[in-house]
Amino acid sequence: MNTPATGGYYGWVWPSGSHIIRAELTAGKVATLLSGDTRWMNLARSQVALLRSKGFIDNGASMDPAELRKRNVSERMIDSIREGIPVVPRRYDERGWYHYNPEEAYPYVNIWYFSQEQEDWSHIERLAEVQKKVDGKIRDADLEWAYFVKGRNPGYAERAFSEDLQIIARKVGLIQDEHGDPETWVDNKWINSDPMVTRSLNRFSTGGIPVDVRGEMLYSQVRYFDGQRRRSGLPPDVAALVSRIEPDWIELEIINLNVTESRQLIIQGGAYGEHQFISVEHDQRAKRQRPTGQPNPRHSSAEGTETRDMKEINASAFTVNLAPGAGSKLRIYLKRYSNKPSYAFPWTR
């Protein structure tokens, strides 16, 4: 794909232009899920490669500003290019490429999520390091999360949830302070006041990528079920964190915050059972628990030893019985996209 088509209202002349890559990502992800073949991500990969080739990635900073203006680059983007920020075009018509903006990270994060290829990860790293150099930190949530699940952004989960709580408080405040005539409210009114903030919950609890509101499906590393109640979702009082994602394994931290009742957690490979679990390495503790005022086992005063135990799984799901106050860190080895996806519950397969 060397040049884009120029026709169509929702093509390259549309104000959002290159955002049509969202459709390519959506199609590629569905095709990968159904076929198990990650080469379906090549269309989106080729599109971002085209935009890179038409943008100013590494060589723009030394260009004459007058030459950049001739190429329809705005003054604001010229300043960004001078700072070393990668800039790519968003729109195309008879004038050529125009509407330049900073290169976005979300296409690369989506492509890498499915491919797990180093080539795709290199672009995530490239954009993250530019932000660290220019701003002193990574400021894009997609990049921050990608670095977190590679063990390179400790503390991000806590920061993200803290920010989400502030957003929720602000939006609840908007709802409580509503005034005016509802007949005059437009859709943005409801979007701006929606307190359901789920992007971080998706990323951290299931190792998933946030669901695009434009008709996309959920994609995740794992999905949870309550084994005792036979329903979808985490059991009451159980918390989970996907803290690492690698091509053939993930790391998952689970904890039962209830100190008097046990819980049964079923962990499934992917949102639709598409991943096959091979084996699980987990904590094996032999300890004596001293009395403590801390109900959280992370802060307990237990004595004893800890070892790692490996269990063979060879299934799309497995059950973990969590004793009161128990927690563990699991390293789950898996084969991606090797099962036929299904909405069936694990206990009915």
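The values are calculated or read from the model by the stated rules, or taken from the named source; none is laboratory data. Please read all numbers here as calculations on a predicted model, not as lab measurements. Glycine gets a Cβ as well: all are built from the backbone with ideal geometry, and neighbour counts include every protein chain shown. To get the accessible areas, we keep the full protein, side chains included, count just its heavy atoms, and leave off ligands, DNA and RNA. Shrake-Rupley method; radii C 1.70, N 1.55, O 1.52, S 1.80 Å.
Counted over the chain with a bin width of 20 Å, the fraction of Cα pairs per bin, in whole percents, is 25, 52, 22, 2. Express the carbon and sulfur contribution to the solvent-accessible surface of the chain as a percent, rounded to the nearest whole number, probe 1.4 angstrom. Whole-percent figure for carbon plus sulfur exposure: 51. For the stretch 112-253, averaging the sequence separation of C-alpha pairs within contact (under 8 Å, six or more residues apart) and dividing by the residue count gives a relative contact order of 19 percent. Here is the tail figure for the stretch 161-239: Cα pairs spaced more than 16 Å apart come to 66 percent of all pairs. Amide H contacts of TYR100 (H built 1.01 Å from N, in plane; Pro and chain starts excluded): SER74, ARG90 sit under 5 Å, all sequence-distant by 5 or more or on other chains. Subtracting the Cα-Cα distance of SER279 and ASP237 from 0.36 nm times their residue separation leaves 12.5 nm of extension gain. Per-residue ellipticity at 222 nm from helix content only, as computed over the chain with -39500 (n - 2.57) for each DSSP H run of at least four residues, stands at -10000 deg cm²/dmol.
Taking the Cβ-Cβ separation of TRP249 and LEU218 as r and a Förster radius of 25 Å, what is the calculated FRET efficiency to the nearest 0.05? That gives a FRET efficiency of 0.70. Note on THR260/ARG126: beta-carbon distance plugged into 1/(1 + (r/R0)^6) with R0 of 41 Å gives a FRET efficiency of 0.25.
Solvent-accessible surface of the chain, taken per residue with a 1.4 Å probe and all protein chains present: 53 Å².
Charged side chains reduced to their Cβ positions (Lys and Arg at +1, Asp and Glu at -1) give the chain a dipole of some 700 debye around its Cα centre. A crude spin-label estimate for the pair ILE175 and GLU94, with each label 7 Å from Cα along the Cβ direction, gives 5.1 nm. Projected label points at ILE167 and GLN118, each 7 Å from Cα along the beta carbon direction, are separated by 3.4 nanometres.
Computed across the stretch 170-286, the Kirkwood radius stands at 17.1 Å (inverse of mean 1/r, all Cα pairs).
Net length available on complete extension from LYS133 to GLU75 is 18.7 nm, with 0.36 nm assigned per residue and the Cα-Cα distance removed.
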